[in-house]
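**Q** Sharing a structure, written as structure tokens. Questions coming.
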Amino acid sequence: PPRSCTRQGSGAPAPGSGATIFALSSGQGRCGIAVIRTSGPASGHALRSLTAPRDLPPARSACLRLLSHPRSGEPLDRALVLWFPGPQSFTGEDCAEFHVHGGPAVVSGVLQALGSVPGLRPAEAEAGEFTRRAFAHGKLSLTEVEGLADLIHAETEAQRRQALRQLDGGLGHLRHGWAKTLTKALAHVEAYIDFGEDDNLEEGVLERADSQVRELELALSAHLRDARRGQRLRSGAHVVVAGPPNAGKSSLVNLLSRKPVSIVSPEPGTTRDVLEIPVDLAGFPALLSDTAGLREGVGPVEQEGVRRARERLQQADLILAVLDASDLASPSSRNFLDTVVAPAGAGSPNESSQRLLLVLNKSDLLPPGGPGPSPNLPPHLLLSCLTGEGLDDLLEALRKELAEVCGDPSTGPPLLTRARHQHHLQGCLDALGHYRQTKDLALAAEALRLARGHLGRITGGGSTEEVLDIIFRDFCVG
């Protein structure tokens, strides 16, 4: 009997897509140029109404036009206008753009003029109507939509690279390869169920499907193990600065964040709580935490700060362990080396240990030409927060560590940047596990359809026709 495969990410039009929408597409506030866009069937009429008596400009060519209010005829601005007839536009619909001067009065006047044109209404900014229409018309997949949102909000170089790669379809192409493997396996099982006995299909059909499923399970498992890196790249790695009192932790935080966010004082125990600062560290996003100096036998307030510091250390993706280079023999320094640095496995991180960079601060206090720190210390970096000497080496070390923690978007396979991606890949992997365990062919096919549905939800694609195409092409049925 024929079997259905639920289509995920329908191509149905977005709500209210019959209307033509308009909105300010550039940022709010006074600026040199502001861009106002329209999308929908009345875009051409709107463009003609504001530039009458002129005709529409040539498609995708900028033309200088006087904009006037369509009812009063009052001049509004002299602006560049562009005409994008569908489907060759961002949304797939007829679109127009008005590049006007960015004064609030000009922008307000043009938006009011567009609102007076019949068939036009303001876009619902919170619903992302322009992007939603682009998805509905097949211009963007769901992962590309997410990549566009991430690109708009990118604050570091690594975030920009990752978002641009996703917007260019990197994750979608990867999913397409997985889906192709899964679709072929499903087609082979479906063909065996529907035509195996009557049409004498070639031998080994089910074995090939099993092999394809095993191949896919290995690929999905590898990406799921790596999923946390993409999410850290999107939201920021947790970098905790820790050490004994007066090692220069707050000075290092101020140096890395390029502003005096932490109070610096010669008095031990100045920092008594966890101070968090979002920063760009060597091109990677990070949440930098300044913590209380780790020591015992202090007052109740500082004790609470130390407790919070130890708790934050457990949550760290990367520990910046700071010691006073001129005071390495003190009990507090030795205790910190034994209780924090040694357990973290400094310099040789593996899957079960935390990443840690040991920084010996106050290198300016070491005697010139004298003996350096003890050779028994773990791998470390010398730094002077006072003079800035050693900062470049620290930033390069941070870049390498954060590339491991967050993933490097310029190399390797595309990263999974959202919990949604991870959820659907895990659902797909679980369904493939059910496929391997069941002896019933109908249940096996259903498990493959379920797995395929999860893959389809990642980008919003996949259809039953693809399965039928493979069945008829590979087995010459009919």
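**Q** So what are the radius of gyration and Dmax for the Cα set of the range 172-264, in Å?
**A** Answer for the range 172-264, Rg first and Dmax second: 26.5, 83 Å.
**Q** Straight-line reach from Lys139: which lysines fall under 23 Å, measuring Cα to Cα and dropping same-chain residues less than 8 apart?
**A** Correct list for Lys139: Lys180.
**Q** Leaving out ligands and nucleic acids, note down the accessible area per residue over the range 20-140 with a 1.4 angstrom probe, in whole Å².
**A** Value returned for the range 20-140: 48 Å² of accessible area per residue.
**Q** Sticking with this one: Give the peptides 68-76, 239-247 in descending order of average Cβ contacts within 10 Å, highest first.
**A** Per-residue mean Cβ counts within 10 Å order the peptides as 239-247, 68-76.
**Q** Hey, another quick one. Round to a whole number: what % of the accessible area of the range 20-140 belongs to carbon and sulfur, probe 1.4 Å? Mind showing how you got there, number by number?
**A** Values: 3160 of 5800 Å².
Ligands and nucleic acids excluded, carbon and sulfur give 54 percent.
**Q** Starting from the amide H of Asp77, placed 1.01 Å from N in the peptide plane, find each other amide H under 5 Å away whose residue is 5 or more places distant or on another chain.
**A** Here Leu67 satisfy the definition.
**Q** While we're here: Non-local amide H neighbours of Gly119 (under 5 Å, H modeled in plane, Pro and chain starts lacking H): which ones?
**A** Amide H neighbours of Gly119: none.
**Q** How many angstrom lie between the Cα centre of the range 100-149 and the Cα centre of the range 205-266?
**A** Comparing the Cα centres of the range 100-149 and the range 205-266, I get a distance of 35 Å.
**Q** Then there is this: With a 1.4 Å probe and every protein chain left in place, work out the accessible area per residue of the range 237-406 in Å², rounded to a whole number.
**A** So the range 237-406 comes to 47 Å² accessible per residue, rounded to a whole number.
**Q** Here's a follow-up. Using mean Cβ contacts within 10 Å as the protection proxy, how do 444-451, 275-282 order, highest first?
**A** 444-451, 275-282
**Q** Of Ala282, Ser333, Ala344, whose Cα points farthest to the positive end of the dipole of the range 277-348 (charges on the beta-carbon: +1 Lys, Arg; -1 Asp, Glu; origin at the Cα centre)?
**A** It is Ala344.
**Q** Also, I was wondering about something else. With a 1.4 Å probe and every protein chain kept in, tell me what percent of the accessible surface of the range 237-406 is carbon plus sulfur.
**A** Of all accessible area on the range 237-406, carbon and sulfur atoms account for 52 percent.
**Q** If amide hydrogens are placed 1.01 Å from N in the peptide plane, which non-local residues have theirs closer than 5 Å to the one on Cys31?
**A** Amide H to amide H, under 5 Å and 5 or more residues apart or across chains, Cys31 pairs with Gly102, Gly103.
**Q** Bins of 10 Å, beginning at zero and ending with the bin holding the largest distance: percent of Cα pairs per bin for the range 237-406, please.
**A** Going out from 0 Å in 10 Å bins, the range 237-406 shows 10, 43, 38, 9, 0 percent.
**Q** Oh, and also: Determine which lysines satisfy two conditions relative to Lys362: a Cα distance under 29 Å, and not lying fewer than 8 residues away in the same chain.
**A** Those lysines meeting the cut-off are Lys249, Lys259, Lys400.
**Q** How do Phe98, Phe135 stack up against each other in accessible area, from largest to smallest, with a 1.4 angstrom probe?
**A** Largest accessible area first, the list is Phe135, Phe98.
**Q** Over all Cα pairs of the range 20-140, how is the pair count split among 5 Å bins, expressed in % and running from 0 up to the last occupied bin?
**A** Calculated P(r), rounded to whole percents: 2, 12, 23, 26, 21, 11, 4, 0.
The values are calculated or read from the model by the stated rules, or taken from the named source; none is laboratory data. Quantities reported herein were computed from a predicted structural model and do not represent experimental measurements. FYI the Cβ positions are ideal-geometry reconstructions off the backbone, even for glycines, and counts take in every protein chain you see. In case anyone asks, the SASA skips ligands and DNA or RNA and just uses the protein heavy atoms, side chains included. Shrake-Rupley method; radii C 1.70, N 1.55, O 1.52, S 1.80 Å.
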